[in-house]
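Peer 1: After the structure tokens below, expect a handful of questions from me.
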Amino acid sequence: MLRLLLAAVICLQSVAGSNDEQAAEWRMDTERWRETRDRSLRAPDGWLAVSGLFYLDQGKHDFGSGQDCAVRLTADSSLALAGTLTVTPEQVTFRAAAGVAVQLNGASVQEGRLQIDLQASEADSSDRLKIGTTTLQLIRRSGRLAVRLRDSQNPLRLSFRGEQWYPIQDEYRLQATWVPLPVQRLVQIENVRGGFSEGHVAGNVEFELQGRRLTLEALQESEQTLMIVFRDQTSGRETYGGGRFLSIPVPEGGRLVLDFNRAYNPPCAWNPHTLCPLPSQANHLPIPITAGARKPSDP
């Protein structure tokens, strides 16, 4: 009997030690994930470098630092007139002004075409047109064509002091149930500027927290990941008022890990030149989620 008791104690100690090691590894992994996100935000082409958003109709549009330019660049990165974009129903072309150094995807050019699907409601061009420290990228949002500017010397990027986080907490790492929809549901998603884009609800994540049974809708982000956009009772006070994001791998079965310690701020939390989706009414949680990213601090 004594031997059995000793064996049971050793077994329990072994399990406890294993659990402690797993918890420590999870915490370190979460810290590494947060550091990686911080580096991504600080990158010269990251969200903090976005310095402008300009919508384009058909016709000619000058770009440069001049007051009359449809696409305004900073004076430090451009001449008053750096060039012209021309939009037709079939294509978008550019021509640099005389004496202006322009690069398309790293190659010096004076004119050319910028690739983008002009029929798509949502699209991002892979082309990058660089003038000085500023890069132009074509995007389509809610069926409208726009130029997104990134400036590696954007003061917002240079003054960034890092994301603010709640302490890592075990209780906000949950086992949840994944309930996929038989057919994904097409939805209209409102963004912070009042526009709408299409998204697909892939299913629901069901979980228990703070004694309540809760459900969140998950959007299909990619073939490998789901995106949850949510608000909670900290939104607008301790956390960003427009909600937070949570990316999770597409579950292989009916269970998944929902870790609110990795809830992060959308780009709009810092940058007024970005377009971020707002959470659906179904994703307004009636409880406070004091985990993950806090409201950004002022520079």
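Peer 1: Of the numbered conditions (1) exposed (fewer than 14 other Cβ atoms within 10 Å of the Cβ); (2) at pLDDT below 95, THR88 satisfies every one except a single condition; which is it?
Peer 2: Here THR88 clears every test but (2).
Peer 1: Could you check ARG255 against (1) surrounded by 21 or more Cβ atoms within 10 Å (Cβ to Cβ); (2) of a type outside the set (S, T, N, Q); (3) more than 27 Å from PHE196 (Cα to Cα) and say which number it fails?
Peer 2: Unmet condition: (1).
Peer 1: Something else about it: Considering only the stretch 98-109, how many residues are surrounded by 16 or more Cβ atoms within 10 Å (Cβ to Cβ), in a strand (DSSP E or B) and either among the β-branched types (Val, Ile, Thr) or modelled with pLDDT under 95 (or both)?
Peer 2: Looking only at that region, the number is 1.
Peer 1: Now for a separate question. Output yes when any residue across the stretch 221-240 is buried (at least 17 other Cβ atoms within 10 Å of the Cβ), farther than 24 Å from ASP45 by Cα and of a type in the set (Phe, Trp, Tyr), and no when none is.
Peer 2: yes
Peer 1: Kindly indicate which of ILE139, ILE116 is in a loop (DSSP other than H, G, I, E, B) and in contact with a strand residue (DSSP E or B) (Cβ under 7 Å, 6 or more places away or on another chain).
Peer 2: ILE116
Peer 1: Taking the stretch 119-132 only, how many residues are modelled with pLDDT of 95 or more and part of a loop (DSSP other than H, G, I, E, B)?
Peer 2: 4
Peer 1: All but one of (1) modelled with pLDDT of 95 or more; (2) in contact with a helix residue (DSSP H, G or I) (Cβ under 8 Å, 6 or more places away or on another chain); (3) not in a strand (DSSP E or B) hold for PHE160; which doesn't?
Peer 2: Unmet for PHE160, out of (1) modelled with pLDDT of 95 or more; (2) in contact with a helix residue (DSSP H, G or I) (Cβ under 8 Å, 6 or more places away or on another chain); (3) not in a strand (DSSP E or B): (1).
Peer 1: Same structure again: Working only within the stretch 122-141, note down all residues that are crowded, with 19+ Cβ neighbours inside 10 Å and in contact (Cβ under 8 Å) with a residue 40 or more places away in the chain.
Peer 2: ILE131, GLY132, THR134, THR135, LEU136, LEU138, ARG141
Peer 1: Can you pull out the residues in the stretch 39-53 that are of a type in the set (Ser, Thr, Tyr) and under 13 Å from the mean Cα position of the chain (by Cα)?
Peer 2: Result: SER40, single match.
The values are calculated or read from the model by the stated rules, or taken from the named source; none is laboratory data. It should be emphasised that the depicted structure is a prediction, and the values quoted were computed from it without experimental measurement. Don't worry about glycine lacking a Cβ; one is built from the backbone with ideal geometry, like all the others, and counts go over all protein chains shown.
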